[in-house]
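Notes to accompany the following structure.
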Amino acid sequence: MTDKPLNGRRVLALVTNYGVEQDELLVPLKRLREDGADVTVAAATADSVQTLVGDKDPGDTVEPDATFDVVDPDNYQLLLLPGGTLNADQLRLDDRALAIVTAFVASGRPVAAICHGPWALVEADAVRGKTLTSYASLRTDIRNAGAASWVDDPVVSDSAGGYTLITSRTPKDLDAFVSAINKALIGS
């Protein structure tokens with residue numbers, strides 16, 4: 001077996017079954033797995049996950065590996081929260097998903113969120129004192145939730161407040177986003 005930089009690292013990707021932005025899920029999954037990470041996709045139900053492209057056009061479907069009810073967040077080193085407006089809006093309303101987000105934050109393990117993904121962190125009261133980025137329409141929500149600042153950068157990694165938060169704006173920032181995730185995982 002070839003030694004890869006992320007061998008032995010486990011990542012949990014949290015999504016709902018409809019509306020996750022295709023590239024914000026599939027690109028990190030592919031790249032992290034290529035680097036040796038074991039990535040689990042956990043969804044609200046065991047049904048297929050329908051991705052969307054640009055929040056409107058159907059994309060690829062993905063079979064989840066687990067559901068929110070059965071996944072044990074303690075078995076993972078990093079939480080991935082892809083965006084997609086519909087996905088992120090549903091995720092922040094799901095108490096099971098929020099419990100997983102809260103478990104990661106409370107334990108000090110890194111969380112990576114892109115585009116609308118930070119909405120779950122806002123709902124879980126996990127952005128206080130953080131500097132982060134997101135899709136631009138979330139900046140007021142993030143500021144109102146007590147973030148130190150919202151910035152318009154491709155990727156932001158902030159370790160204030162007891163855990164590392166990696167954020168990016170859009171699929172255009174995926175290279176920087178995945179690189180920051182790799183760095184956080186190698187350091188964990």
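The values are calculated or read from the model by the stated rules, or taken from the named source; none is laboratory data. Note that the coordinates shown come from a computational prediction; the quantities given were computed from them, not determined experimentally. Every residue, glycine among them, receives a Cβ derived from its backbone with ideal geometry; neighbour counts consider all protein chains shown. Note: accessible area is taken over every heavy atom of the protein model, side chains too, but ligands, DNA and RNA are not part of it. Shrake-Rupley method; radii C 1.70, N 1.55, O 1.52, S 1.80 Å.
Here are the numbers for the structure shown:
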| read-out | value |
| --- | --- |
| Filter pass, ASP69 being in a loop (DSSP other than H, G, I, E, B) and either closer than 27 Å to ILE186 by Cβ or open to solvent by 50 Å² or more (accessible area, probe 1.4 Å) (or both) | yes |
| Sole residue being hydroxyl-bearing (Ser, Thr, Tyr) and more than 14 Å from ALA112 (Cα to Cα), chosen from SER168, SER149 | SER149 |
| Within the stretch 29-64, tally of residues that are over 23 Å from PRO5 (Cα atoms), in a loop (DSSP other than H, G, I, E, B) and of a type outside the set (Gly, Ala, Ser) | 6 |
| In the stretch 133-148, the residues that are within 11 Å of ARG169 (Cα to Cα) and either in contact (Cβ under 8 Å) with a residue 60 or more places away in the chain or aliphatic (A, V, I, L, M) (or both) | ALA136, LEU138 |
| Pairs, first part of a loop (DSSP other than H, G, I, E, B) in the stretch 94-110, second open to solvent by 30 Å² or more (accessible area, probe 1.4 Å) and small (Gly, Ala, Ser), C-beta under 6 Å, six or more apart | GLY108/GLY162 |
| Criterion: under 16 Å from GLN90 (Cα atoms) and of a type outside the set (A, V, I, L, M, F, W, C) - qualifying residue of THR40, THR67 | THR67 |
| Residue check, ASP141 of a type in the set (D, E, K, R), in contact with a Pro (Cβ under 9 Å, 6 or more places away or on another chain), farther than 30 Å from PRO5 by Cα and open to solvent by 50 Å² or more (accessible area, probe 1.4 Å) | yes |
| First in the stretch 168-188 and touching a residue at least 60 places away in the same chain (Cβ under 8 Å), second anywhere and assigned to a helix (DSSP H, G or I) and β-branched (Val, Ile, Thr), Cβ under 8 Å, 6 or more apart | PRO171/VAL27; LEU174/VAL27; VAL178/VAL27 |
| Residue among LEU32, LEU81, LEU91 that is farther than 18 Å from SER134 by Cβ and touching a residue at least 60 places away in the same chain (Cβ under 8 Å) | LEU32 |
| Test: LYS130 is farther than 24 Å from ARG10 by Cα, more than 13 Å from the chain's Cα centre (by Cα) and open to solvent by less than 40 Å² (accessible area, probe 1.4 Å) | yes |
| Test: residue in the stretch 170-185 that is on the phi < 0 side of the Ramachandran plot, open to solvent by less than 40 Å² (accessible area, probe 1.4 Å) and over 16 Å from the mean Cα position of the chain (by Cα) | no |
| Restricting the stretch 154-188 to residues that are among the β-branched types (Val, Ile, Thr) and in a loop (DSSP other than H, G, I, E, B), the residue that is farthest from VAL39 (Cα to Cα) | THR170 |
| Where a residue in the stretch 5-24 is of a type in the set (Ser, Thr, Tyr) and its partner, wherever it lies, is assigned to a strand (DSSP E or B), with Cβ under 6 Å and at least six apart | TYR18/GLN50 |
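Residues checked against (1) open to solvent by 70 Å² or more (accessible area, probe 1.4 Å); (2) at pLDDT 95 or above:
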position	(1), (2)
PRO5	yes, no
ALA37	no, yes
VAL49	no, yes
PRO58	yes, yes
TYR76	no, yes
GLY83	no, yes
